[in-house]
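**Q** One structure coming up, written as structure tokens, with questions to follow.
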Amino acid sequence: MIRHLLSAADLGRDDALLVLDTAIEMAATASRSVKKLPTLRGRTVVNLFYEDSTRTRISFEAAAKRLSADVINFSAKGSSVSKGESLKDTALTLQAMGADAVVIRHPESGAPYRLAQWLDGVVINAGDGTHEHPTQALLDAYTMRSRLGRIDGLRVTIVGDVLHSRVARSNVLLLDTLGAEVTLVAPPTLLPVGVEAWPATVSYDLDAVLPKSDVVMMLRVQRERMNDSYFPTQREYSRRYGLDVRRLGALPEHAIVMHPGPMNRGMEIAPQVADSPRSTIVEQVSNGVSVRMAVMYLLLGGSGSKENS
Amino acid sequence: MTPAYRTPADPAEPALGSPPRTILDEADLARIVDRIAHQILEKTEGAADTVLLGIPTRGSHLARRLGERIAAFAGSPIPVGALDVTLYRDDLRLRGARALEHTDLPPGGIDGQHVVLVDDVLFSGRTVRAALDALSDLGRPRAVQLAVLVDRGHRELPIRADYVGKNLPTSLAENVEVLLREVDGRDAVQLADRRDSR
């Protein structure tokens, strides 16, 4: 196994499948009469969140606690960060407190990489800027595998704000590693520069792609990241790129609908679609805990340093 | 699961020193499984309310074989499952995180049942300690017993087996290798010089 989880590209096919297989066993422990496992007893996990997040932080916290690790939550608001402390000084403070792992969410792309250079412990990227969110990609892959039985050969369509989406980038990298075919659908203004080098095809026509999709992943329109107007009106976006009931009907019978949350109901996804039995949105949340337990077990369960036989 | 001292035969890595000595062959193994099956039937009064739980990988194959023999002798099937204890081990930090094996509990669960844990080799007793911890998180069995194919001594914890296939006095410089048809292609127990002294 790798030492840190910074990018979905860090995971080779075997490592990624190891995480997904381990997550299956972790999910099975949730049905035990005692759900807590003693595996990470005495380890300290710090949740270092420079950006607002509910589900990811709670998911990491639940996963660490189920493995009996001690969890320290650190949010930038109300901390020394608001007094101007640098990331490096914060990192050194955490180091001195004996953090075995740091789960970091940061608005700047690349912050977890810098952190990994300063810390002895394990660094897990929980979302950095518009760059990556590897555990989200893992839980999405887990969800696809548990609903559809495989990932190899699946046709996955990712729709929406690819430009600002760390979920999209991590998913494209991981799904390519695992043998799925990814199609990105977005208005040209919401595609990043260099997207043609990604291991994915690009389309602007959602209706043409839907009948050939096993999985449709809707991305949130990130209004807080939009300084410019990327599309004329919300209504127009919703008409061209939103998943409504009519478009749900165009999907093959077995296809599933995913969304990393939080959703803008009525914008990228219609409420009836979000609540339909083909939507995996609630499942994705519970799968997130199992997948993060697997990641923490594999990165922290061992000696935590170079060797891993 | 006790990998460090039970390294399966690996052709790419020949044992140092003398070649492995065969302690039990296929016929011996079959007789031992039959005997333990009878002993379990005797001690549990016909294996009523009894569950066999094997510790992966080889323990779960042994548990399945025992279950088949007990079913043949008693005339009625007995629940057999597998219990992975990796997450409960006390040596994870020393050896690094490993892939988990599948835990498979019989549908009836283990509450109020007579649980017989099955493993291939009893050595330090730490695997069994981990299994007892795992069991207490899964439910509350009425009683827990332990069946092993080989007891090689060198216990580090106050644990003993209720059913022993063979008591095999060993030195710490030796490896007990249990080979099973399901995993290794043939049935045998061998004693070899230890290859890695971890």
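**Q** Top mean-square fluctuation among B:GLY185, B:GLY81, B:GLY46, Gaussian network model of chain B, C-alpha springs under 10 Å?
**A** Looking only at B:GLY185, B:GLY81, B:GLY46, the biggest GNM fluctuation is shown by B:GLY185.
**Q** Please list, in order along region A:83-96, the HN-Hα scalar couplings obtained from phi with the Karplus expression 6.51 cos²θ - 1.76 cosθ + 1.60 (θ = phi - 60°), rounded to whole Hz, x for Gly and Pro.
**A** For region A:83-96, the Karplus-derived couplings read 8, x, 5, 7, 4, 5, 5, 4, 4, 5, 4, 4, 4, 5 Hz, x marking Gly and Pro.
**Q** May I ask which residue of A:VAL159, A:GLY42, A:THR135 lies farthest towards the positive end of the charge dipole of chain A, with charges of +1 (Lys, Arg) and -1 (Asp, Glu) on Cβ and the Cα centre as origin?
**A** It is A:GLY42.
**Q** Nearest 10 degrees is fine. How inclined is helix A:281-300 to the longest principal axis of chain A, computing both from alpha carbons?
**A** On a 0 to 90 degree scale, this one is about 30.
**Q** Right, here's the next one. Place a +1 charge on the Cβ of each Lys and Arg in the protein assembly as shown and a -1 charge on the Cβ of each Asp and Glu, then give the dipole magnitude about the Cα centre in debye, rounded to the nearest 20.
**A** Working: 61 positive and 64 negative charges, 187 e Å.
Taking the Cα centre of the protein assembly as shown as origin, the dipole is about 900 debye.
**Q** Can you list residues whose amide H is under 5 Å from A:SER279's amide H, if they're 5+ apart or on another chain and H is modeled 1.01 Å from N?
**A** Here the answer is A:VAL257, since their amide H atoms fall under 5 Å of that of A:SER279.
**Q** Please report how far the C-alpha centroid of region B:20-57 lies from that of region A:209-275, rounded to the nearest whole angstrom.
**A** Region B:20-57 and region A:209-275 have Cα centres separated by 58 Å.
**Q** Determine one quarter of the surface area of the Cα convex hull of region A:154-214, which equals its mean projected area, and express it in nm² to one decimal. Don't skip to the end; give the middle numbers.
**A** Details: hull surface 14.9 nm².
Over every viewing direction, the Cα hull of region A:154-214 projects on average to 3.7 nm².
**Q** Run the simple label-point estimate for A:GLU236 and B:ASP162 please: 7 Å along Cα→C-beta, distance reported in nm.
**A** Each label point is offset 7 Å from its Cα along the Cβ direction, giving 7.6 nm.
**Q** Antiparallel versus total DSSP beta bridges in region B:3-193: what percent is that, nearest 5?
**A** Numbers: 10 of 30 bridges.
Within region B:3-193, antiparallel bridges account for around 35 percent of the total.
**Q** If you don't mind, there's one more thing I want to ask. Out of residues 5 or more away from A:VAL122 or on other chains, whose amide H comes under 5 Å of its own, with H placed 1.01 Å from N in the peptide plane?
**A** A:ALA101, A:VAL102
**Q** I need the GluC sites (Glu not before Pro) found in region A:241-306, filtered to DSSP loop residues with at most 13 other beta carbons within 10 Å of theirs. Mind dumping the intermediate values first?
**A** Values: sites: A:GLU253, A:GLU268, A:GLU283; in loops: A:GLU253, A:GLU268.
Passing sites in region A:241-306 are A:GLU253.
**Q** Here's something else I'd like to know. As a test, work out the antiparallel percent of DSSP beta bridges whose residues both lie in chain A, rounded to the nearest 5. All intermediate terms of the calculation are to be shown ahead of the outcome.
**A** Working: 1 of 36 bridges.
Here the antiparallel bridges make up roughly 5 percent for chain A.
**Q** Cα-based count: Lys pairs in the protein assembly as shown below 29 Å, eight or more positions apart or different chains?
**A** Count of close lysine pairs: 9.
**Q** Could you tell me which trypsin sites (Lys or Arg not before Pro) in region A:1-44 are loop residues by DSSP with no more than 16 other beta carbons within 10 angstrom of their beta carbon? Please report the intermediate quantities before stating the final value.
**A** On the way: sites: A:ARG3, A:ARG13, A:ARG32, A:LYS35, A:LYS36, A:ARG41, A:ARG43; in loops: A:ARG3, A:ARG32, A:LYS35, A:LYS36, A:ARG41, A:ARG43.
Here the trypsin sites (Lys or Arg not before Pro) that fit, given the DSSP loop and packing criteria, are A:ARG3, A:ARG32, A:LYS35, A:LYS36, A:ARG41.
**Q** From the phi angles alone, apply the Karplus equation (6.51, -1.76, 1.60; θ = phi - 60°) to region B:108-113 and give each ³J(HN,Hα) in whole Hz, x where the residue is Gly or Pro.
**A** Couplings: x, x, 10, 4, x, 8 Hz.
**Q** For A:GLU253 and B:SER76, FRET efficiency with R0 = 51 Å and r from the beta-carbon atoms, rounded to 0.05? Before the final figure, lay out each step's value.
**A** Details: r = 43 Å, r/R0 = 0.85.
E between B:SER76 and A:GLU253, to the nearest 0.05, is 0.70.
**Q** Suppose the chain between A:ILE72 and A:THR54 were pulled fully straight at 0.36 nm per residue; how much longer would it get relative to their current alpha carbon spacing? Present the calculation step by step, with values, prior to reporting the outcome.
**A** Working: separation 18, 0.36 × 18 = 6.48 nm, distance 1.54 nm.
Here the segment from A:ILE72 to A:THR54 would lengthen by 4.9 nm.
**Q** Dipole of region A:134-284, Cα-centred, from +1 at each Lys and Arg C-beta and -1 at each Asp and Glu C-beta, to the nearest 20 debye?
**A** Working: 17 positive and 17 negative charges, 48 e Å.
Dipole size: approximately 220 debye.
**Q** Can you give the local net charge around B:LEU138? Use residues other than it whose beta-carbon is closer than 14 angstrom to its beta-carbon, Lys and Arg +1, Asp and Glu -1.
**A** Numbers: positive: A:ARG32, A:LYS35, A:LYS36, B:ARG140, B:ARG142; negative: A:GLU25, B:ASP84, B:ASP104, B:ASP111, B:ASP133, B:ASP137.
It works out to a net charge of -1.
**Q** For chain A, what relative contact order do you get, as a whole percent, if you take Cα pairs closer than 8 Å and at least 6 residues apart? All intermediate terms of the calculation are to be shown ahead of the outcome.
**A** Details: 577 pairs, mean separation 65.4, N = 309.
Value for chain A: 21 percent.
**Q** Would you look at the GNM of chain A, springs on alpha carbons closer than 10 Å, and say which of A:LEU67, A:LEU139, A:LEU87 moves the most?
**A** Of A:LEU67, A:LEU139, A:LEU87, the Gaussian network model singles out A:LEU87 as fluctuating most.
**Q** So what is the relative contact order for region B:3-193, in percent, with contacts set as C-alpha pairs under 8 Å and at least six apart? Write down the numbers at each step before the final one.
**A** Values: 364 pairs, mean separation 51.2, N = 191.
Contact order relative to length: 27 percent.
Every number here is computed from the coordinates shown, using simple stated rules; none is lab data. Here the structure is a predicted model, which is why all the values come from computation and not from measurement. Neighbour counts run over all protein chains shown; Cβ positions are idealised from the backbone, glycine included.
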